[in-house]
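Undergrad: This structure is in structure tokens; I'll ask about it shortly.
The values are calculated or read from the model by the stated rules, or taken from the named source; none is laboratory data. Being a predicted model, the structure only gives us computed values, none of them experimental. Virtual Cβ from ideal backbone geometry, glycine too; neighbours counted across all protein chains shown.
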Amino acid sequence: MAEAIAMRVHGIRRTYRDGTRTVMALEGTDMDVPDGKFVTIVGPSACGKSTLLNLFCGLDKPDAGSIETPAFGTDELLGRVGYMPQQDLLMPWRTVTDNAAVGLECLGCDREDARRQAREHMARFGLRGFEFSYPGQLSEGMRQRVALLRTFLCGRRINVLDEPFGKLDAMTRASMQSWLLDYWQENRCTIVFVTHDIDEALFLSDVVHLMSPRPGRIIRSLEVDVARPRKYSEVVTSVHFNELKACLLESLGREL
Amino acid sequence: MRSGVWPPLLLGAGLLAAWEIYVRVAHIDPLLLPPPSAVVRYITGNAGILLNNGAATLSELLLGFAIGVVVGLCLGVLMQIWRWFREAAYPWLVATQMIPIPAVAPILVLWFGFTIVPKAATVALISFFPVAVNTVDGLRSVNPELIRLLRTFGAGPWKVMWMAALPGALPRIFSGVRVAMALSVVGAVFGEWVGSTHGLGYLMLRFENRGETAGLFATVAVLAIMGIILFFLVGWTEDWAMSWRRHAKETL
């Protein structure tokens, strides 16, 4: 049975000008994002990952190629795909609740209603008791959870997360990964996750796409056939996990 | 936060004492430099006149300042929303500041007579500029990543302006407003010098012509006190508008 496709990426090319030279960021990028799956893109730095994400959430248009989203019935992605950037981008003048509600407010939700919805999710995001705190009073991990809540509250079918845990320390990062998986298991949506951490990619995903250095394209797609729910301590120490990791490292090594 | 009112009061008292002693010891002619005690005596003896004229100056100043702040803010926002407007208008805004106020003020009096209008217009003319410039700079300093994030939520330029750019620009905007307030005091007096029948600027001219140096100093003192109070009122408004900064400092 063929899987439903949330996003079909075909033959993308994107170049931009850097002073006098033309930089080819993406060339012949193809990938399918199956509906309701957790898909990760891994690649060396400056491989065009961010350029690709900008295309996914409609902030940018490709020079050639197409991104089809059958479920939307339109190719206009801006305002339809959920996006979580690398920086948490919390507004220091808004409380935790009001920061989490920003997305809903932009979508035209009544302010009080947006706040109420944000407050309902505080406990699930480990933010209970901090509803009226300001971002300056929070730890890095908590700030990141507010940013996740802001994105997920919008209830998008497709969410694009750009290295959301990149700046966290190893311990916080591991617990956030487990937390994210639990949350995703309860609220299935399609997630496109970008990271340069292979362990993170394997632990979280159904499929890992490996990108080449610039111009970026997908050089290897690996199905992660590890049963869910996954337990961090068990998965990352298993033999199979390490076989998959060796596979990816080998492909990456060939390219570098 | 502020370390309290005592340091500036002590410094002020010290300087006034030194002034008083100097005038007395060196037998300075009070027409050239009256001692502070004489100025204070003048203020208490003529409180009614000073207050009446102070009120006139204050209303001109506040009207002009309010217009200046609103116009400056609007110009700043429009220059940020419309690039072409920024490019077209910026040099002309700078040009308005090159016009010597003594050259325009008489024309304003000619147009509007000895009313509040020419004074308020003079104040507005010099106070809108720092607000406009700081608003533009503040709005431009907003993190472009934040703007992109809001766009993925479907926000248009006005929504981005209201939710992210304006609150983020508030510290810069208030810097502009504080400068505008300081300039407004000078502007109001200037407006009165050109043509008026009351106000502190008018009083100054009258005292000067009559050689009442103590009265002149008393008027300047009242003006200075008014200016300081207004300046700190702006500071309090700023703290109130950005109360989140207080919370952010109590780190866990």
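Undergrad: Looking at this structure, is A:ASP113 within 12 Å of another protein chain (Cβ to nearest Cβ) and either assigned to a helix (DSSP H, G or I) or closer than 18 Å to A:ASP162 by Cβ (or both)? Please lay out each step first, then the result.
TA: Details: within 12 Å of another protein chain (Cβ to nearest Cβ): no; either assigned to a helix (DSSP H, G or I) or closer than 18 Å to A:ASP162 by Cβ (or both): yes.
It is false that A:ASP113 is within 12 Å of another protein chain (Cβ to nearest Cβ) and either assigned to a helix (DSSP H, G or I) or closer than 18 Å to A:ASP162 by Cβ (or both).
Undergrad: Could you tell me whether region A:127-137 includes any residue that is closer than 21 Å to A:LEU181 by Cα, at pLDDT below 95 and either more than 12 Å from chain B (Cβ to nearest Cβ) or surrounded by 20 or more Cβ atoms within 10 Å (Cβ to Cβ) (or both)?
TA: So the first thing to find is which residues in region A:127-137 are closer than 21 Å to A:LEU181 by Cα, and the list is A:127-128.
Pick out the ones that are also at pLDDT below 95 and you get A:127-128.
Next, only the ones that are either more than 12 Å from chain B (Cβ to nearest Cβ) or surrounded by 20 or more Cβ atoms within 10 Å (Cβ to Cβ) (or both) stay: A:127-128.
Yes, region A:127-137 contains a residue that is closer than 21 Å to A:LEU181 by Cα, at pLDDT below 95 and either more than 12 Å from chain B (Cβ to nearest Cβ) or surrounded by 20 or more Cβ atoms within 10 Å (Cβ to Cβ) (or both).
Undergrad: Among the residues of region B:60-84, count how many are surrounded by fewer than 15 Cβ atoms within 10 Å (Cβ to Cβ) and not hydrophobic (A, V, I, L, M, F, W, C).
TA: Residues in region B:60-84 being surrounded by fewer than 15 Cβ atoms within 10 Å (Cβ to Cβ) and not hydrophobic (A, V, I, L, M, F, W, C): 1 in total.
Undergrad: Let me ask something else. Considering only region A:14-35, I want to know if a residue exists there that is modelled with pLDDT of 90 or more, closer than 29 Å to A:TYR183 by Cα and not in a strand (DSSP E or B).
TA: For region A:14-35, residues modelled with pLDDT of 90 or more, closer than 29 Å to A:TYR183 by Cα and not in a strand (DSSP E or B): present.
Undergrad: In region B:127-162, what residues are of a type in the set (Ser, Thr, Tyr) and either at the interface with chain A (Cβ under 10 Å from one of its Cβ atoms) or surrounded by fewer than 17 Cβ atoms within 10 Å (Cβ to Cβ) (or both)?
TA: First, pick out the residues of region B:127-162 that are of a type in the set (Ser, Thr, Tyr): B:127, B:135, B:141, B:152.
Those that are of a type in the set (Ser, Thr, Tyr) and either at the interface with chain A (Cβ under 10 Å from one of its Cβ atoms) or surrounded by fewer than 17 Cβ atoms within 10 Å (Cβ to Cβ) (or both): B:SER141, B:THR152.
Undergrad: Report every pair of residues separated by at least 6 positions or lying on different chains whose Cβ atoms are under 6 Å apart, first residue within region A:206-230 and on the phi < 0 side of the Ramachandran plot, second of a type in the set (Lys, Arg).
TA: So the pair list comes out as A:ASP206/A:LYS37; A:LEU210/A:ARG220.
Undergrad: With region A:190-247 as the region, which strands (runs of 3 or more DSSP E) entirely inside it contain at least 1 residues that are modelled with pLDDT under 90 and hydrophobic (A, V, I, L, M, F, W, C)? Quick ask: steps written out before the conclusion?
TA: On the way: elements: A:190-195, A:207-211, A:218-223.
By residue number, A:218-223.
Undergrad: Out of all the residues in region B:182-197, which are surrounded by fewer than 24 Cβ atoms within 10 Å (Cβ to Cβ) and under 18 Å from B:PHE232 (Cα atoms)?
TA: B:ALA182, B:LEU183, B:VAL185, B:VAL186
Undergrad: Right, next: B:ALA165 passes all but one of (1) within 14 Å of chain A (Cβ to nearest Cβ); (2) under 30 Å from B:VAL117 (Cβ atoms); (3) crowded, with 22+ Cβ neighbours inside 10 Å; which number fails?
TA: Among (1) within 14 Å of chain A (Cβ to nearest Cβ); (2) under 30 Å from B:VAL117 (Cβ atoms); (3) crowded, with 22+ Cβ neighbours inside 10 Å, the lone unmet condition for B:ALA165 is (2).
Undergrad: A further question follows. Of the conditions (1) within 11 Å of chain A (Cβ to nearest Cβ); (2) surrounded by fewer than 20 Cβ atoms within 10 Å (Cβ to Cβ), B:LEU233 clears all except one; give me its number.
TA: Failing condition for B:LEU233: (1).
Undergrad: A further question on this structure: For region A:157-177, give me the residue count where each residue is assigned to a helix (DSSP H, G or I) and over 15 Å from the mean Cα position of the chain (by Cα).
TA: Going through region A:157-177, the residues assigned to a helix (DSSP H, G or I) turn out to be A:170-177.
Okay, now just the ones that are also over 15 Å from the mean Cα position of the chain (by Cα), so A:170-172, A:174-175.
So the answer is 5.
Undergrad: Tell me whether region A:67-90 contains one or more residues that are modelled with pLDDT of 90 or more, more than 14 Å from chain B (Cβ to nearest Cβ) and in contact with a His (Cβ under 7 Å, 6 or more places away or on another chain).
TA: Taking every residue of region A:67-90 in turn, none turns out to be modelled with pLDDT of 90 or more, more than 14 Å from chain B (Cβ to nearest Cβ) and in contact with a His (Cβ under 7 Å, 6 or more places away or on another chain).
Undergrad: What residue, among those in region A:96-110 that are touching a helix residue (DSSP H, G or I) at 6+ places or on another chain (Cβ under 8 Å) and outside any helix (DSSP H, G or I), is surrounded by the fewest Cβ atoms within 10 Å (Cβ to Cβ)? It would help to see each step written out before you state the result.
TA: Taking region A:96-110 first, the residues touching a helix residue (DSSP H, G or I) at 6+ places or on another chain (Cβ under 8 Å) are A:96-106, A:109.
From what's left, outside any helix (DSSP H, G or I): A:101, A:109.
Working: A:ALA101: 25, A:CYS109: 17.
Result: A:CYS109.
Undergrad: Run B:PRO171 past the list (1) part of a helix (DSSP H, G or I); (2) away from every other protein chain (no Cβ under 14 Å) and report the number of the one that doesn't hold.
TA: Unmet for B:PRO171, out of (1) part of a helix (DSSP H, G or I); (2) away from every other protein chain (no Cβ under 14 Å): (2).
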